[in-house]
Amino acid sequence: MYAPSGNAKIKRWLAFLFYALTICMLIVYKSELLAWMQQGSHSVFLMLLITICFTFFPILPYSVVIGIMAFMYGTLPGALLCWTGAWISSLLMYAYTRFFYSEQTNKWLSANERIVSFHAKMKKNPFVSILLARLIPVLPQSIVSIYAGAASISFPVYALASAIGKIPGMLIYAFIGKHLLSLF
């Protein structure tokens, strides 16, 4: 049985507390934030920070955020903005998992035969594995980031595969969002 060290427990609880408080704030102010995003042009940097937050703390479907950004900035600029935010967020989630949960997740990854088998297959070609996982629209993207961080997939391999794998989805959702929102 896994028993985390005192330092690992503190890091885990601080990480959980930060994540939980941020999600609570986003839930409480979700409507106001979405209305503000839709009301006019804002700093691209500020909108990038918002896309990062909505990806890192998934309190609403990211496709809604992509649609709003595409409506505000156009299909390609909106997709690029959301792609950048989602990619940065995935890198942060990867780092978050590696830093706060590496000890715990390494034990978890080696505790189950099926996970060990899956992990061994994924380690043979992590680039293709991450790329394909990013292309599956129903697979929660945070799961891909968390697994890659926990499994100690090479950061450059993870970053490049994630960057490429996110492009098609961003373009599709931006196109749909731009045209769907413009009907209203």
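The values are calculated or read from the model by the stated rules, or taken from the named source; none is laboratory data. What you are looking at is a predicted structure, and each value in this text was computed from that prediction instead of being measured. Methodologically, a virtual Cβ is constructed for each residue, glycine included, from the backbone with ideal geometry; neighbour enumeration extends over all protein chains shown.
For this structure, a couple of remarks:
Residue by residue, here is whether (1) surrounded by 14 or more Cβ atoms within 10 Å (Cβ to Cβ); (2) farther than 22 Å from residue 89 by Cβ; (3) more than 21 Å from the chain's Cα centre (by Cα); (4) of a type in the set (Asp, Glu) holds:
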residue	(1), (2), (3), (4)
105	yes, no, no, no
116	no, yes, yes, no
122	yes, no, no, no
131	yes, no, no, no
135	yes, no, no, no
149	yes, no, no, no
156	no, no, no, no
163	yes, no, no, no
173	yes, no, no, no
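- Verdict on residue 130 being among the aliphatic types (A, V, I, L, M) and free of Cβ contacts under 8 Å to residues at least 12 places away in the same chain: no
- 3 or more residues under 24 Å from residue 172 (Cβ atoms) and among the β-branched types (Val, Ile, Thr): qualifying helices (runs of 4 or more DSSP H) within the range 12-123: 44-56, 62-73, 75-109
- Counting residues in the range 94-113 that are out of contact with any Leu (no Cβ under 6 Å at 6 or more places or on another chain), of a type outside the set (Phe, Trp, Tyr), modelled with pLDDT under 95 and under 21 Å from residue 48 (Cα atoms) gives one or more.
- Condition check for residue 63: touching a Phe, Trp or Tyr at 6+ places or on another chain (Cβ under 6 Å) and modelled with pLDDT under 85: yes
- Test result for residue 163, within 22 Å of residue 66 (Cβ to Cβ) and not aromatic (Phe, Trp, Tyr): yes
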